[in-house]
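Since the structure comes first, as structure tokens, the remarks are kept for the end.
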Amino acid sequence: METRIFSKRDIEEAARILKAGGLVAFPTETVYGLGGNGLDKEAARKIYAAKGRPSDNPLILHVSKMEEVYPLVESVPEKAKLLMESFWPGPLTLILKKSKIVPLESTGGLDTVALRCPDNGVTLELIERAGLPVAGPSANLSGSPSPTEASHVYHDLSGRIEGILDDGAVGIGVESTILDMSTDRPTLLRPGAITLEDLTEVLGEKPEIDPTLLGKKMEDGFIPKAPGMKYRHYAPKAEMILFCAVEEKGSEDKISKRIEEYLEEEGQEFLEEKIAILCAEESKHLYKDLAEKKDISLKILGRRDEPLSMTHNLFRTLRECDEEGIELILSEGYSEEGIGFALMNRMKKAAGQRIIAV
Ligand code: TXA
Ligand code: MG
């Protein structure tokens, strides 16, 4: 099949394809999604096939407004309602007990469903015109980073889906926060741009945190509650090592010195390979000489004092490293406060948990 590129003007056509059981990738404020009719088990099967994703990994259903949630769930707890009112449309996915109309094929066999109202005008209109909840995992091939531009989706899925609704580069760049509201206590399953601090403020209490987000390992019997978090996540083709400071103060200097030392000592074996250093705008001067001397590609993720600029660029930069044939990525680690928790969660996954404490 030929994958068509749609613009805002083609929303009606894209909605028609969704209604007819086809697949259209759509923009959101976080990453691009791979959309199909969320109430149609055939569409769910097509989504898994197109992504090359295991079908026990549940999909998120996207709605255009809060009212559309009611038919999809058993009930909406008061606190869930409060969260929707506070953060929707926006990067927060809520897990609730599903109703009968949601097929088990969309929820990976679970009796709960993930729901989200994305903050993107074009996509809200698409969902509204299609008149159905749009099932959408991130629109990447399983094993690639989530797509933050339509060209990434095209690279991964062209020939596998009917169309891509192009609305330029996304803003946030990492996937939504997932909060399980189907249990006694709200539990954070995936960190995103709606931060723990944001959730705590609205809930009046700090949510539980899935132990695997705090570094508890699956080998030790901790299974993440969001099935998608258990799969070996995207890791760049390169070996990636994260250098994390134990304390914030003076961390930039310490990290850059440790990276240099790593290349002089443990990393000698890599010196023949293509190396990239990932750093912040504020610390790039610390790596300039080293990069020139050893022919290392210096990649600026964004500004340390604006963590959103880093989430925005992370997946694009990792794709870039793959395309350039980089074999070793040495990266600074950053503060885990606020949206830094989401940034570091994705960076640690990309590094396959290879972390050097500095
Ligand atoms: O920002 C986002 O959330 C993007 C955009 C497209 O909306 N979507 C996204 O979807 O990241 P995906 O499929 O790549 O990640 C969904 C995650 C998976 O880890 C999945 O296991 C989890 O949500 N999930 C979905 N339904 C669940 C459920 N009922 N219980 C627990 N986890 C669930
Ligand atoms: Mg994904």
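Calculate the translational D of the chain in whole µm² s⁻¹ from Stokes-Einstein, where the hydrodynamic radius comes from the Kirkwood formula applied to all Cα pairs, the temperature is 37 °C and the viscosity 0.692 mPa s. Rounded, D is 157 µm²/s. Taking all protein chains into account, the per residue accessible area for the chain stands at 43 Å² (1.4 Å probe). Dipole magnitude for the chain: computed about the Cα centre from +1 point charges on Lys and Arg Cβ and -1 point charges on Asp and Glu Cβ, it is near 1140 debye. For the range 177-217, no residue has its backbone nitrogen under 12 Å from a point 7 Å from the Cα of GLU337, taken along Cα to Cβ. Treating r as the C-beta distance of MET1 and GLU266 and R0 as 45 Å, the FRET efficiency rounds to 0.40. In the chain, the calculated helix contribution to ellipticity at 222 nm averages -8500 deg cm²/dmol per residue, counting -39,500 (n - 2.57) for every DSSP H run with n ≥ 4. For PHE6, tell me the accessible area in Å² from a 1.4 Å probe, rounded to the nearest 10. Surface open to solvent at PHE6 totals about 10 Å².
Rolled with a 1.4 Å probe across the full set of protein chains, the surface gives ASP40 an accessible area near 40 Å². Largest mean-square fluctuation among LEU290, LEU318, LEU34, in a Gaussian network model of the chain whose springs join Cα atoms under 10 Å apart, belongs to LEU290.
Computing FRET efficiency as 1/(1 + (r/R0)^6) for ILE101 and ILE223, where r is the C-beta to C-beta distance and R0 is 25 Å, gives about 0.30.
Proximity of backbone amide H atoms, modeled 1.01 Å from N, is registered between ARG4 and GLY163, ILE164 at under 5 Å, excluding neighbours fewer than 5 places apart on the same chain.
For the range 1-51, the dipole from Cβ point charges (+1 on Lys and Arg, -1 on Asp and Glu) about the Cα centre works out to 120 debye, to the nearest 20. Across the range 268-281, computed HN-Hα scalar couplings (Karplus, 6.51 cos²θ - 1.76 cosθ + 1.60, θ = phi - 60°) run 3, 4, 8, 4, 7, 9, 7, 10, 10, 10, 9, 8, 8, 3 Hz from first to last residue, x flagging Gly and Pro. If a spin label sat at a point 7 angstrom from the Cα of ASP184 along the line to its beta carbon, the backbone N atoms of the range 71-90 nearer than 19 Å would be those of 77-80.
Work out, step by step, the length gained on full extension between LEU82 and GLU292: first 0.36 nm times the residue separation, then minus their alpha carbon distance; give nm to one decimal. Mind showing how you got there, number by number?
Numbers: separation 210, 0.36 × 210 = 75.60 nm, distance 5.29 nm.
In short, 70.3 nm is gained.
For GLY108, the residues whose modelled amide H falls within less than 5 Å of its own, excluding neighbours fewer than 5 places apart on the same chain, are LEU59. The per residue volume of the convex hull around the alpha-carbon atoms of the range 226-358 is 105 Å³. With 0.36 nm allotted per residue and the present C-alpha distance subtracted, the ALA169-GLU205 stretch has 9.5 nm of extension available. Take the Cα of GLU13, go 7 Å toward its beta carbon, and the backbone nitrogen atoms of the range 149-179 under 15 Å from that spot belong to 162-167. Using θ = phi - 60° in the Karplus curve 6.51 cos²θ - 1.76 cosθ + 1.60, the 3J(HN,Hα) couplings for the range 52-64 round to x, 10, x, 7, 8, 9, x, 9, 8, 9, 9, 10, 9 Hz; x is entered for Gly and Pro. Applying a DSSP loop filter and a limit of 11 other Cβ atoms within 10 Å to the trypsin sites (Lys or Arg not before Pro) in the range 191-292 leaves LYS217, ARG232, LYS249. Which lysines have a Cα lying under 24 Å from the Cα of LYS8, excluding residues fewer than 8 positions away in the same chain? Candidates past the 8-residue exclusion: LYS19, LYS65. Between GLY215, GLY33, GLY192, the Gaussian network model of the chain with springs among Cα atoms under 10 angstrom shows the greatest mean-square fluctuation at GLY215. Couplings 3J(HN,Hα) for the range 294-307, derived from phi with the Karplus relation 6.51 cos²θ - 1.76 cosθ + 1.60 (θ = phi - 60°), are 9, 6, 9, 8, 9, 10, 8, 7, x, 9, 4, 7, 10, x Hz, where x marks Gly and Pro. Nonpolar atom fraction for the range 35-90, defined as the carbon and sulfur part of the 1.4 Å probe accessible area, stands at 54 percent. Along its three principal directions, the equivalent ellipsoid of the range 83-144 from the Cα gyration tensor extends over semi-axes of 19, 16, 14 Å, largest first. When each of the peptides 180-190, 343-353, 293-303 is scored by how many other beta carbons lie within 10 Å of its residues on average, the order from highest to lowest is 343-353, 180-190, 293-303.
The portion of the accessible surface of the range 202-326 made up by carbon and sulfur, rounded to a whole percent, is 48 (1.4 Å probe; DNA, RNA and ligands excluded). Need one word for the range 115-219: rounded, prolate or oblate. Basis is the Cα gyration tensor (sqrt eigenvalues a ≥ b ≥ c); a/c below 1.5 gives rounded, then a/b vs b/c decides. It is prolate, given that a/c is not under 1.5 and a/b is the larger ratio. Computed extension length for ASP322-ILE355: 9.9 nm, one decimal, from 0.36 nm per residue of separation with the Cα-Cα distance subtracted.
Between Rg and the Kirkwood Rh of the range 247-289, both from Cα atoms, what is the Rg to Rh ratio?
The Rg/Rh ratio comes out at 0.99.
The values are calculated or read from the model by the stated rules, or taken from the named source; none is laboratory data. Computed from a predicted model, the values in this text were never measured in an experiment. All Cβ positions, glycine included, derive from the backbone under ideal geometry; neighbour counts span all protein chains shown. All accessible areas refer to the heavy atoms of the entire protein, side chains included, with ligands and DNA or RNA removed. Shrake-Rupley method; radii C 1.70, N 1.55, O 1.52, S 1.80 Å.
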